[in-house]
Amino acid sequence: MSAVLERGNRGAKTAGVRAPPKRARQLVPPPRLYVYFDAIIRHGSIRGAAEALHIASSALNRRVLDLEREVGTVLFDRLPNGVRLTAAGEIFAAHVRRMLTDIKQVGDQIQDIQGRLSGHVAIGSAESAAIDVLPRLIVGFQAVYPSARFTLTVGTPREMLADLLEDRVEMILTHQEPNHHDVVVLAAARMPFCALMRADHKLAAQPRLFINNCQNYPIVLAQEQLAARALVDATLSASSLSMQPVLVTNMFEVMKTYVRLTDAISFHFCLTPLGDASLQGLVAVPLADRQLAATKLTLAVRRGRVLSASATAVCDRLATLLKEAAR
């Protein structure tokens, strides 16, 4: 799961190079060699990258060989069906990704200081916040700044942290606080963890529940890599309880649909203080178990990364939203 970053490339006039179709020019064009190198990584082969870049594969291969001679080591292992980064190639690839991101941010910042706030903002998010919080925030932001563009990537806590550290996203909204020395937490709000059930369920009228109150009903659980499942498993382990789920999935919308059709109970982060997405016939009852009653939604960025004015403005709005919800 990678954030989609736009990369520009100017047409070339050297032998063996076909002019690419016209496209919107990137405000600050990146070094062509870096664009080439990044394309080879993304396509997994020199031939595939050459076709995407509209240049001859022999010309692209020569550029790679020249680069390898300059750095004094092999960057790609040549395989029968493509190429693979060597250990040195991985180091150089991280540098290329960082440079392409920085160059793009320069262009966004130049646009931003002209008062347009029209840059691109890449956000990584837990599914709950991606459904209940971010669409409304993005619509409101674009109502003021119509040229602003967004990429919203839903992922697990581990995936979001990797995307943040590798600059594929500029900020993350996560339910699992990222304990990493290169991550800065900007804001956090306490978000209830709830048992979700139909409005006519026998437990729906309860003001709060403990997880053991739910064990006699069919249970729907998130997959193990998701923060919601980790919380449930930790709570069950601490209380010596066990549950045999009737359904396990990595999509909370699937869980909600299943619960609407059955007498089952699922477990979700409840973001109603931040968003007003309808539960559509479902009731969310807060869970009172110690670990489940203290769950949070956290906004974080990579330490040392200079955000564009657009991304900074979005961060500020999200931080304000979380601080207001925490009151």
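The values are calculated or read from the model by the stated rules, or taken from the named source; none is laboratory data. From a predicted model like this one, the values you see are computed outputs, not experimental measurements. Cβ coordinates were reconstructed from backbone atoms using ideal geometry, including for glycine residues, and neighbour counts include every protein chain displayed.
Condition check for Leu161 on (1) touching a residue at least 40 places away in the same chain (Cβ under 8 Å); (2) surrounded by 21 or more Cβ atoms within 10 Å (Cβ to Cβ); (3) hydrophobic (A, V, I, L, M, F, W, C): one failure, at (1). Arg302 satisfies every condition listed in (1) buried (at least 18 other Cβ atoms within 10 Å of the Cβ); (2) at pLDDT below 85; (3) assigned by TED's automatic domain parsing to the domain that holds Ser128 except (2). Checking each residue in region 134-152 for being closer than 14 Å to Ile123 by Cβ and of a type in the set (Gly, Ala, Ser) picks out only Ala148. Exactly one residue out of Leu165, Leu161, Leu152 is modelled with pLDDT of 90 or more and within 20 Å of Ala189 (Cα to Cα), and it is Leu161. In region 242-261, the qualifying residues are those that are without any contact (Cβ under 8 Å) to a residue 12 or more places away in the chain and under 27 Å from the mean Cα position of the chain (by Cα), and the one that is farthest from Arg229 (Cα to Cα) is Thr257. Do the conditions hold for Val106, that is, is it under 23 Å from Gly119 (Cβ atoms) and of a type in the set (Val, Ile, Thr)? Judged against the criteria, Val106 is a match.
Of all residues in region 235-250, those being loosely packed, with under 14 Cβ neighbours inside 10 Å, over 17 Å from Thr262 (Cα atoms) and either modelled with pLDDT of 90 or more or among the acidic types (Asp, Glu) (or both) number 0.
Of the residues making up region 77-86, those that are assigned to a loop (DSSP other than H, G, I, E, B) and more than 28 Å from the chain's Cα centre (by Cα) are Pro80, Asn81.
Check region 152-174 and report whether any residue there is under 23 Å from Arg303 (Cβ atoms), part of a loop (DSSP other than H, G, I, E, B) and either assigned by TED's automatic domain parsing to the domain that holds Ala227 or of a type in the set (Val, Ile, Thr) (or both). Even if it seems obvious, please write down each step before you answer.
Step one: list which residues in region 152-174 are under 23 Å from Arg303 (Cβ atoms), which gives 152-153, 155-174.
Okay, now just the ones that are also part of a loop (DSSP other than H, G, I, E, B), so 155-156, 166-170.
Filter once more, so that each one left must be either assigned by TED's automatic domain parsing to the domain that holds Ala227 or of a type in the set (Val, Ile, Thr) (or both): 156, 169.
Looking through region 152-174, at least one residue is under 23 Å from Arg303 (Cβ atoms), part of a loop (DSSP other than H, G, I, E, B) and either assigned by TED's automatic domain parsing to the domain that holds Ala227 or of a type in the set (Val, Ile, Thr) (or both).
So, Leu203, is that one assigned to a strand (DSSP E or B), at pLDDT 95 or above and surrounded by 15 or more Cβ atoms within 10 Å (Cβ to Cβ) or not? It is false that Leu203 is assigned to a strand (DSSP E or B), at pLDDT 95 or above and surrounded by 15 or more Cβ atoms within 10 Å (Cβ to Cβ). No other residue among Ser240, Ser308, Ser266 is over 21 Å from Leu161 (Cα atoms) and in contact with a helix residue (DSSP H, G or I) (Cβ under 7 Å, 6 or more places away or on another chain) apart from Ser266.
The set of residues from region 29-76 being modelled with pLDDT under 90, within 19 Å of Arg98 (Cα to Cα), more than 25 Å from the chain's Cα centre (by Cα) and in a loop (DSSP other than H, G, I, E, B) comprises Pro29, Pro31.
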